[in-house]
1. If N186 satisfies all but one of (1) within 16 Å of the ligand (Cβ to nearest atom); (2) out of contact with any Gly (no Cβ under 8 Å at 6 or more places or on another chain); (3) within 27 Å of Y286 (Cβ to Cβ), what's the number of the condition it fails?
2. Among the listed residues I250, I188, identify the single one that is within 30 Å of S345 (Cβ to Cβ) and β-branched (V, I, T).
3. Quick one: E198 ticks every box in (1) under 14 Å from the mean Cα position of the chain (by Cα); (2) surrounded by 19 or more Cβ atoms within 10 Å (Cβ to Cβ); (3) within 27 Å of F289 (Cβ to Cβ) except a single one, so which number is it?
4. I'd like the residue in the stretch 267-281 that is in contact (Cβ under 8 Å) with a residue 24 or more places away in the chain and assigned to a helix (DSSP H, G or I) and, out of all such residues, is nearest to the ligand (Cβ to nearest atom).
5. What's the number of the condition D312 fails, among (1) away from the ligand (no atom under 16 Å from the Cβ); (2) modelled with pLDDT of 95 or more?
6. Can you tell me which residue is nearest to the ligand (Cβ to nearest atom) among those in the stretch 362-411 that are over 20 Å from Y432 (Cβ atoms), within 20 Å of the chain's Cα centre (by Cα) and of a type in the set (A, V, I, L, M)?
7. Please tell me if A424 is out of contact with any His (no Cβ under 9 Å at 6 or more places or on another chain), surrounded by 21 or more Cβ atoms within 10 Å (Cβ to Cβ) and farther than 30 Å from K166 by Cα.
Amino acid sequence: QKANIGVVGMAVMGKNLALNIESRGYTVGIYNRTSAKTEEVMKDHSDKKLVPSYSVEDFVKSLETPRRILIMVKAGKATDAVIDELLPLLDKGDVLIDGGNTNFHDTIARNARLDKSGINFIGMGVSGGELGALHGPSLMPGGQKSAYDLVAPILEKISAKAEDGKPCVAYIGPNGAGHYVKMVHNGIEYGDEQLIDESYDILRRVAGIDVDELSNIFKEWNKGELNSYLIDITGDILSRKDDLGSGKPIVDLILDEGANKGTGKWSSEDALALGVPQSVITESVYARFISMLKDERVAASKVLPKPGLSVDFDAKELVEKVREALYFGKVMSYAQGFEQLRFASEEYDWDLKFGELAQIWREGCIIRAQFLQNITDAFEKDPKLTNLLLDPYFTDIAKKYQDSAREVVAIATKAGIPVPTLSAAVSYYDSYRTEVLPANLLQAQRDYFGAHTYKRVDREGTFHYPWYKEQ
Ligand code: 6PG
């Protein structure tokens, strides 16, 4: 019997996706460049409907047609190597799916190249980590719609299901749309993480709350409107002690250098390319970069003085204010993320369905959260909504929580605790709601030194001021 679908790459994500697909009643062909990995999978799962192959030729032959092949290898050169090996063996109408964290520019190029040979290429964002891959990830596939239809039944079965039973997968759009949406998902993930980390830092270093108590605070927060996977795991992380026996909280033994694999940075890079304000995510990328300068920071901490201001607050009240500030920051971050998606949809001609994106992020993925339903509702009410903040639910959050966000940023600033994303959130809110920004003066400066011209508020046209003429 031929396999219904093949998976290339038996590292943990590929293996777990293959097992997930198999568990839904499919026969899965598996292949890995080094045979040992495939043998290992077969040894551990001999009872499963897996068809192992030890050459690309056999692998391709093992699949029913039109072939559906999921590529789960490290994004980049390895993806091209797999495609180049497969290509001569494929037939028109076959579907390749790249499930790696691939840069959307690469996906657009691969989709165009393969399309010329009649091979369909889907770039699919997969979120949820190892366990998500095994039990139900959130999936963001983009590429030819007809190719999506060929794989949709499988993807719907293996994906996470939201509370209302809907699968956390949908056709995102042509060529690179799926990987783009995954990239912004990751940018939002960075923003959420940094907002949480700043909240923790303020409560710990300004309010002096200990780690055990902080764990309880996050667990409590998770019961309310902040309910989400990242708040949940933060509560758990803060309750964990050193696995090597010192008895200390594990967070206190983890080096404060934030690594990254690039997807959040790509999100910021494209926001810059599109000219869309996306400061919360970008500040979270910078926060990781500055954290990496550990040696410099240690040296600077001995030279650069602390602020000399006193801070006045009630610790109990501060906890609630930080919670409100965190939610406010999250709303600004998502408002920016969705604004970026709107710009991208226009620029790349993708016709993204914003409400549906929030819908498929409700379960399975790293940013899964209760409040994504509010985003879906907002776009369902008004599919042309320009900015989430203009939806009544989000306007109300801004109204209720802005003062806490301001106070928290002020307290942190006075105390010398960095809050790059929380303060970016407040600045974004204030910029967005300001009718007249000082860009009038900016335009004058540009016109002064470079004759760059400006528009006027009181008449049509383009103007240049006679700056060098005596008045
Ligand atoms: C997911 C994640 C995942 C990502 C990691 C690491 O949705 O499951 O986004 O795809 O690779 O979170 O990202 P960084 O190493 O850049 O933090």
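1. So N186 meets the others, but not (2).
2. Just one listed residue meets the conditions, I188.
3. All conditions are met except number (1).
4. Only one residue fits best here, namely S267.
5. (2)
6. I366
7. Judged against the criteria, A424 is a match.
Listed here are the residues, each with its yes/no results for (1) surrounded by 14 or more Cβ atoms within 10 Å (Cβ to Cβ); (2) farther than 14 Å from F338 by Cβ; (3) touching a Phe, Trp or Tyr at 6+ places or on another chain (Cβ under 8 Å).
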position: I366; (1), (2), (3): yes, yes, yes
position: Q370; (1), (2), (3): yes, yes, no
position: I375; (1), (2), (3): yes, no, yes
position: E380; (1), (2), (3): yes, no, no
position: L385; (1), (2), (3): yes, no, yes
position: K399; (1), (2), (3): no, yes, no
position: A405; (1), (2), (3): yes, yes, yes
position: V409; (1), (2), (3): yes, yes, no
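The values are calculated or read from the model by the stated rules, or taken from the named source; none is laboratory data. Given the structure is predicted, the values throughout are model-derived calculations rather than measurements. Neighbour counts are summed over all protein chains in view; Cβ atoms, including those assigned to glycine, are modelled from backbone coordinates with ideal geometry.
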